[in-house]
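Just below is one structure, and these are the notes that go with it.
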Amino acid sequence: MTVQDSTPADTAGATVAKEATSHKKGKPALSEGKRAERRLGLWLCAPAFLVMIAVTGYPIVYSVWLSLQRYDLRFPAQQKFIGFDNYGAVLSNSYWWTAFGTTMFLTVVSVAIEFVLGMALALVMHRTLIGRGVVRTVALIPYGIVTVVAAFSWYYAWTPKTGYLANMLASDAAPLTDQWPSLFIIIGAEVWKTTPFMALLLMAGLALVPDDLLKAAAMDGATAWQRFTKVMLPVMKPAILVALLFRTLDAFRIFDNIFVLTNGAQDTGSVSMQTYNNLVKGLNLGIGSTMAVLIFITVAIIAFIFIKVFGTAAPGSDNGGKR
Amino acid sequence: MVMATVTTGRKVRWGLVDILVLVFALVPVLWVVSLSFKTKDTLTDGSFIPQEWTWQNYADIFKTSEFLLALVNSIGIAIISTVIAVVLGTMAAYAVARLEFPGKQLLVGLSLLIAMFPQVSLVTPLFNIERNLGLFDTWPGLILPYITFALPLSIYTLSAFFREIPWELEKAAKMDGATPAQAFRKVIAPLAAPGVFTTAILVFIFCWNDFLFAISLTSTTASRTVPAALSFFTGSSQFEDPTGQVCAAAVVITIPIIVFVLFFQRRIVAGLTSGAVKG
């Protein structure tokens, strides 16, 4: 479509220029071809960039603004700038802290279990001698299935009389009406759904462990467990940290499973449930936005801890430099 | 020893482990399938396998406009979002993988931020913005956030695929007088098709799966997707226990996922592992 824009001569120039800059970096002597490349790069990225900024950037700023207002859709006339009062209201509210504690608990426990099971599943998918294709195919089903569908499966499994699991308990047991059994059922549902994703990320790390290294360790008399902890885990560390980071952030926004399983009853609601309920039932945009900002800050802190403290390489940060 | 030849004993052991994985992954799915085929009378017998089989639940849900409209919404919204996200993602990923330009790090960083972003933080502000713009409870009202959250996935996966494509061919095309744009269209695009297809599957699964936006940014059958509709499902008459019908609807929306997984297992695994972990 842009054949007429540039002659063969300056595209050849582009190739030469590219080679030249890759040898000595940071010389901004731009040839015509180089400029064309920059222009094309910007034009190709612009739509994606604009959509992402428009749909996330603006609402974030807007939600910070809303969080500083008294803004209840039921009483729109009382909208008023009130500074940090909403933050005070949320942070001194016991429901918020209960939801926060519940979310943290669910996140930590389910990610821990997922990590162990995911590692086991990754080893199976990577090393099994028979039926590797079948195992990988079947393991993808929990990953792909709609979370709400899976949640209904667990919900009905634990419903008294209807469910095959509930019937294994005492005949009058209704586990989804008690706090602790509910929490563990939520964790079970979450673990079932997301273990395959964790396993796939870990499997990518496993593929990086050189076979020779394992053989050499075995020759030197290392047991299977030693080979796992002393050889495989250190090599896999970057993959493990990325997998944990992504799953932790994802687990922190848990919503679908809780919505279907308990709808937040008996103090099983997460911070996402609180925010949603506040919007739909309370129609209080000021408080809702305050919670949104607080969740955003918490997630940012978690990501910061992973990246700074554990040294997780942010995926994409090395951006082509390694190859 | 690691070097030992494959013995029958080891095969059997791996076989048992494999079966364990199959049971783990399949039981909850089969349970929903089982419930969807149970008759009203046997629904509460607690047996894993239906004692009496019936198609009645499926017949019922396809008679209600509540489910049919939701299915149309789900399919339409997911396909439109996937197409747009993959087209925009392909353009951006090509630039990220192949071109030098200012702002590349910014785009990669922004994508990473959005991939980690808690979606619930957007629900309240988007609700109000969409209400004011008249986008609330419309298809575009859901498509826009879906595209946004699918873009990082699509940019990462695609740029990983694009890095695997041989440079030389593009260079050769440029030597022969093709512009960068032509090299993109005529040389790289056909080579990239498998990666683009894989990404489309992953993005589709993501949009198909969404519940939070679907339930917060819709209010009627005009745009409510199946996952959201399921949670409001009350059965064809209000005195009926909806369990069988919820399960039938759940099975229907699981079918595309099963098809993707069965036919494109290799691609999905490659797609999920390529973008996520490098070096």
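Of these, B:Leu230, B:Leu202, B:Leu191, which one is modelled with pLDDT of 85 or more, over 17 Å from B:Val72 (Cα atoms) and either touching a strand residue (DSSP E or B) at 6+ places or on another chain (Cβ under 8 Å) or assigned by TED's automatic domain parsing to the domain that holds B:Pro256 (or both)?
Values: B:Leu230 fails: over 17 Å from B:Val72 (Cα atoms); B:Leu191 fails: modelled with pLDDT of 85 or more.
Exactly one residue qualifies, and that residue is B:Leu202.
Within 22 Å of the chain's Cα centre (by Cα), among the polar types (S, T, N, Q) and either more than 9 Å from every other protein chain (Cβ to nearest Cβ) or crowded, with 22+ Cβ neighbours inside 10 Å (or both): does that describe A:Thr102? Break it down into steps so the answer makes sense when it comes.
On the way: within 22 Å of the chain's Cα centre (by Cα): yes; among the polar types (S, T, N, Q): yes; either more than 9 Å from every other protein chain (Cβ to nearest Cβ) or crowded, with 22+ Cβ neighbours inside 10 Å (or both): yes.
The answer is yes for A:Thr102.
Pick from the range B:162-188 the residues that are under 30 Å from A:Ile141 (Cβ atoms) and either of a type in the set (D, E, K, R) or not assigned by TED's automatic domain parsing to the domain that holds B:Gly89 (or both): which of them is surrounded by the fewest Cβ atoms within 10 Å (Cβ to Cβ)? Can you show your working first?
Pass one, the range B:162-188, residues under 30 Å from A:Ile141 (Cβ atoms): B:162-164.
Filter again for either of a type in the set (D, E, K, R) or not assigned by TED's automatic domain parsing to the domain that holds B:Gly89 (or both), leaving B:163-164.
Details: B:Arg163: 17, B:Glu164: 13.
In this case the residue turns out to be B:Glu164.
Give B:Phe206, B:Phe197, B:Phe213 a once-over and let me know the one that is in contact with a Pro (Cβ under 8 Å, 6 or more places away or on another chain) and of a type in the set (A, V, I, L, M, F, W, C).
On the way: B:Phe206 fails: in contact with a Pro (Cβ under 8 Å, 6 or more places away or on another chain); B:Phe197 fails: in contact with a Pro (Cβ under 8 Å, 6 or more places away or on another chain).
After applying the criteria, what remains is B:Phe213.
Suppose the filter is more than 30 Å from A:Arg132 (Cβ to Cβ), outside any helix (DSSP H, G or I) and assigned by TED's automatic domain parsing to the domain that holds B:Pro145; does B:Glu100 pass it?
Working: more than 30 Å from A:Arg132 (Cβ to Cβ): yes; outside any helix (DSSP H, G or I): yes; assigned by TED's automatic domain parsing to the domain that holds B:Pro145: yes.
Criteria met by B:Glu100.
Does B:Ile215 qualify as being out of contact with any His (no Cβ under 8 Å at 6 or more places or on another chain), hydrophobic (A, V, I, L, M, F, W, C), surrounded by 14 or more Cβ atoms within 10 Å (Cβ to Cβ) and more than 10 Å from chain A (Cβ to nearest Cβ)?
Numbers: out of contact with any His (no Cβ under 8 Å at 6 or more places or on another chain): yes; hydrophobic (A, V, I, L, M, F, W, C): yes; surrounded by 14 or more Cβ atoms within 10 Å (Cβ to Cβ): yes; more than 10 Å from chain A (Cβ to nearest Cβ): no.
No; evaluated as a whole, the condition is false for this residue.
Report, ordered by the first and then the second residue, all pairs with beta carbons closer than 8 Å, sequence separation of six or more or different chains, a first member in the range A:128-147 that is at pLDDT below 85, and a second member that is among the charged types (D, E, K, R).
From the range A:128-147, the pairs are A:Thr128/B:Asp18; A:Leu129/B:Arg10; A:Leu129/B:Lys11; A:Ile130/B:Lys11; A:Ile130/B:Asp18; A:Gly131/B:Asp18.
Evaluate the following for B:Thr148: is it more than 8 Å from chain A (Cβ to nearest Cβ), crowded, with 21+ Cβ neighbours inside 10 Å and in a helix (DSSP H, G or I)? Working first, answer last.
Details: more than 8 Å from chain A (Cβ to nearest Cβ): no; crowded, with 21+ Cβ neighbours inside 10 Å: yes; in a helix (DSSP H, G or I): yes.
For B:Thr148, the condition - more than 8 Å from chain A (Cβ to nearest Cβ), crowded, with 21+ Cβ neighbours inside 10 Å and in a helix (DSSP H, G or I) - is not met.
Is at least one residue of the range B:126-145 in a helix (DSSP H, G or I), within 7 Å of chain A (Cβ to nearest Cβ), modelled with pLDDT under 90 and within 21 Å of B:Ala70 (Cα to Cα)?
yes
Among the residues of the range B:3-46, write down those that are at the interface with chain A (Cβ under 10 Å from one of its Cβ atoms) and acidic (Asp, Glu).
Within the range B:3-46, B:Asp18, B:Asp45 qualify.
Looking at (1) surrounded by 13 or more Cβ atoms within 10 Å (Cβ to Cβ); (2) hydroxyl-bearing (Ser, Thr, Tyr); (3) modelled with pLDDT of 80 or more, can you tell me which one A:Ser94 breaks?
Failed condition: (1).
Determine which single condition B:Ile77 fails, assuming it passes every other condition in (1) within 13 Å of chain A (Cβ to nearest Cβ); (2) of a type in the set (A, V, I, L, M, F, W, C); (3) touching a Ser or Thr at 6+ places or on another chain (Cβ under 8 Å); (4) buried (at least 21 other Cβ atoms within 10 Å of the Cβ).
Here B:Ile77 meets the rest and fails (1).
So, in the range A:37-78, exactly how many residues are among the hydrophobic types (A, V, I, L, M, F, W, C), out of contact with any Gly (no Cβ under 8 Å at 6 or more places or on another chain) and surrounded by 22 or more Cβ atoms within 10 Å (Cβ to Cβ)?
Going through the range A:37-78 one residue at a time, the tally reaches 2.
May I ask you to verify whether B:Ala70 is in the same structural domain as B:Ser219 (by TED's automatic domain parsing), in a helix (DSSP H, G or I) and closer than 21 Å to B:Ser231 by Cβ?
Details: in the same structural domain as B:Ser219 (by TED's automatic domain parsing): yes; in a helix (DSSP H, G or I): yes; closer than 21 Å to B:Ser231 by Cβ: yes.
When the stated conditions are applied, B:Ala70 passes them.
Do we have any residue at all in the range B:85-100 that's in contact with a Ser or Thr (Cβ under 6 Å, 6 or more places away or on another chain), buried (at least 20 other Cβ atoms within 10 Å of the Cβ) and at the interface with another protein chain (Cβ under 7 Å from one of its Cβ atoms)?
Yes.
The values are calculated or read from the model by the stated rules, or taken from the named source; none is laboratory data. Only a predicted model underlies this, so the values are computations on that prediction, with no experimental measurement involved. For neighbour counting, all protein chains shown are included, and Cβ atoms are generated from backbone atoms with ideal geometry for every residue, glycine included.
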